[in-house]
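Below is one structure; the comments refer to it alone.
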Amino acid sequence: MIFSTRVIVIAGVAGAILLGIGMTFDATALFILGLIVVFGGLGVGAAEKMRKHSVAPGSCPACGGLVSPHAPYCKHCGERLVPAGR
Ligand SMILES: [Zn+2]
């Protein structure tokens, strides 16, 4: 989802620049461009921070597919991932 966030930011900046050209870069266009860059940067930074804090994905012992470390079952093959020994 990081990629899509960046695409949105880049598209927003490009759109603001085009808007600025259309409006001959008056103060409002520059203000909007600045807002998009600042909030876009914050959004990308937050997304990357979340990704760093997320736990590394585990792999299913039965099929080897990537699964969430907290998932009770493998989403690929349905293998039970939490040890049944209670
Ligand atoms: Zn599996």
Amide H proximity to VAL67 below 5 Å, modelled H, separation 5+ or other chain, gives GLY58, SER59, CYS60
Taking R0 as 35 Å and r as the Cβ-Cβ distance between LYS75 and THR5, the FRET efficiency 1/(1 + (r/R0)^6), rounded to the nearest 0.05, comes to 0.90
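Readers should treat all values here as calculations from the given coordinates under stated rules, not as data from a laboratory. The structure displayed is predicted, hence computed values, not measured ones. So basically every Cβ, Gly included, is an ideal-geometry build from the backbone, and we count neighbours across all protein chains shown.
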